[in-house]
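S.K.: Mind having a look at this structure? Questions to follow.
The values are calculated or read from the model by the stated rules, or taken from the named source; none is laboratory data. The structure presented is a predicted model; accordingly, all values stated were derived computationally and were not measured. So basically every Cβ, Gly included, is an ideal-geometry build from the backbone, and we count neighbours across all protein chains shown.
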Amino acid sequence: MEWKGRRQSDNIEDQRGAGPSMGGGNPFGRGGGFRIPMGGGRRAGGGMSIGTIIFLVVIYFIFKAMGIDLLQVMGNGGQVSVPGVEQTESANRRTSPQEEETKAFMATVLAETEDTWNGIFQAAGERYEEPKMVLFSGSVQSACGFASAASGPFYCPGDRKVYLDMSFFDELASKFDAAGDFAQAYVVAHEVGHHVQNLTGVLPRFNQQRQRMSQEEANQMSVRVELQADCYAGIWGKYTQQKGLLDAGDLDEALNAATQIGDDTIQKRMQGYVVPESFNHGTSEQRRRWFKRGFDTGRVDQCDTFKGDV
């Protein structure tokens, strides 16, 4: 993708190295965030035993006796202030040239999505509210709850922000065999697609309806939501192509990424078999097809995944 020298978005919040406070909430529960699947599972349950609580209380008072207030540490983004020891600001964390180039690329891709959706909304007589992109490392606190890098990139409707730990792209290439800058751009465009859904009322309706759905019904509706975000990512790809920014092979990179993060492909890779009723993002074939549909047509009205079969 020919991106260098182009406009970079100002809607970037760089929280790398900041470390969040440990808030509650689950960004991927009912009413939570919308993410790129990583293939990992979450432990059932979620509560702490009485023994664990007692242990944590004991640890708290041990650190208190050492002059370290863990509650204050959590409120300061995880920085431990030890008496007599000078602290280094997390904002001064050293980053590699490769990280900074990836950040510049993300800011450029986000700017291109802004141009695309500003134009589409304006043509429809509407105003596009641009989302923020939060770059973090390790873990982050969003309006949808606390999330770690293992959760993958996600969009939070509560604060209208896209969250991304850039180390995900290393995993996208090594674990999912989906390397390439346009594969990375597809991930960003997909999450921005969720933002478009939030603005147009798709996500609010879904979050309201799934409170009354069974898990299987919610999964089926989630697939339709995710495939529409893929289609919207394809529309962005179409506009990018029309600007002459795509290199040979870029489209194949995006289609390969869509294939590698299909529910069936991930489940086969992780556990050797598939459980269709648990799908919540779509199969590899569906994700490829809906991205390609958006790319081929460039039309929002061709991305209605809520009618008929998907």
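S.K.: Does Phe168 count as under 15 Å from the mean Cα position of the chain (by Cα), among the aromatic types (Phe, Trp, Tyr) and at pLDDT 95 or above?
M.R.: Details: under 15 Å from the mean Cα position of the chain (by Cα): yes; among the aromatic types (Phe, Trp, Tyr): yes; at pLDDT 95 or above: no.
Criteria not met by Phe168.
S.K.: Out of the residues in region 229-242 that are farther than 15 Å from Val188 by Cβ and in contact (Cβ under 8 Å) with a residue 60 or more places away in the chain, state the one that is surrounded by the most Cβ atoms within 10 Å (Cβ to Cβ).
M.R.: Taking region 229-242 as the starting set, the residues that turn out to be farther than 15 Å from Val188 by Cβ are 231, 238, 241-242.
Still in the list and also in contact (Cβ under 8 Å) with a residue 60 or more places away in the chain: 231, 238.
Details: Cys231: 26, Lys238: 16.
Looking at residues that are farther than 15 Å from Val188 by Cβ and in contact (Cβ under 8 Å) with a residue 60 or more places away in the chain, I get Cys231.
S.K.: While we're here: Is there a residue in region 222-232 that is basic (Lys, Arg) and under 21 Å from the mean Cα position of the chain (by Cα)? Full working, then the answer.
M.R.: Going residue by residue through region 222-232, those that are basic (Lys, Arg) are 224.
Next, from what is left, pick out any that are under 21 Å from the mean Cα position of the chain (by Cα): 224.
Looking through region 222-232, at least one residue is basic (Lys, Arg) and under 21 Å from the mean Cα position of the chain (by Cα).
S.K.: Does region 249-308 hold any residues that are assigned to a loop (DSSP other than H, G, I, E, B), among the hydroxyl-bearing types (Ser, Thr, Tyr) and farther than 20 Å from Trp117 by Cβ, and which are they?
M.R.: Step one: filter region 249-308 for residues assigned to a loop (DSSP other than H, G, I, E, B), giving 249, 261-262, 272-275, 279-283, 298-299, 303-308.
In the following step, the residues that additionally are among the hydroxyl-bearing types (Ser, Thr, Tyr) were identified as 273, 283, 305.
Answer for region 249-308, where residues must be assigned to a loop (DSSP other than H, G, I, E, B), among the hydroxyl-bearing types (Ser, Thr, Tyr) and farther than 20 Å from Trp117 by Cβ: Tyr273, Thr283.
S.K.: Do we find a residue being in a helix (DSSP H, G or I), among the small types (Gly, Ala, Ser), within 13 Å of Val162 (Cβ to Cβ) and in contact with an Asp or Glu (Cβ under 8 Å, 6 or more places away or on another chain) anywhere in region 173-183? Full working, then the answer.
M.R.: Step one: list which residues in region 173-183 are in a helix (DSSP H, G or I), which gives 173-174, 181-183.
Next cut, among the small types (Gly, Ala, Ser) only: 173-174, 183.
Among the residues that remain, those that are also within 13 Å of Val162 (Cβ to Cβ) are: none.
The answer is no, given that none of the residues of region 173-183 is in a helix (DSSP H, G or I), among the small types (Gly, Ala, Ser), within 13 Å of Val162 (Cβ to Cβ) and in contact with an Asp or Glu (Cβ under 8 Å, 6 or more places away or on another chain).
S.K.: Buried (at least 23 other Cβ atoms within 10 Å of the Cβ), within 20 Å of Glu253 (Cβ to Cβ) and out of contact with any strand residue (DSSP E or B) (no Cβ under 7 Å at 6 or more places or on another chain): is that true of Thr116 in this structure?
M.R.: Values: buried (at least 23 other Cβ atoms within 10 Å of the Cβ): yes; within 20 Å of Glu253 (Cβ to Cβ): yes; out of contact with any strand residue (DSSP E or B) (no Cβ under 7 Å at 6 or more places or on another chain): yes.
Yes: the conditions hold for Thr116.
S.K.: Could you check Phe306 against (1) closer than 25 Å to Ser174 by Cβ; (2) aromatic (Phe, Trp, Tyr); (3) over 21 Å from the mean Cα position of the chain (by Cα) and say which number it fails?
M.R.: Exception for Phe306: condition (1).
S.K.: Which of the residues that make up region 237-258 are of a type in the set (A, V, I, L, M) and more than 22 Å from His281 (Cβ to Cβ)? Can you show your working first?
M.R.: Here is the first cut: in region 237-258, the residues of a type in the set (A, V, I, L, M) are 245-246, 248, 251, 254-255, 257-258.
Result: Leu245, Leu246, Ala248.
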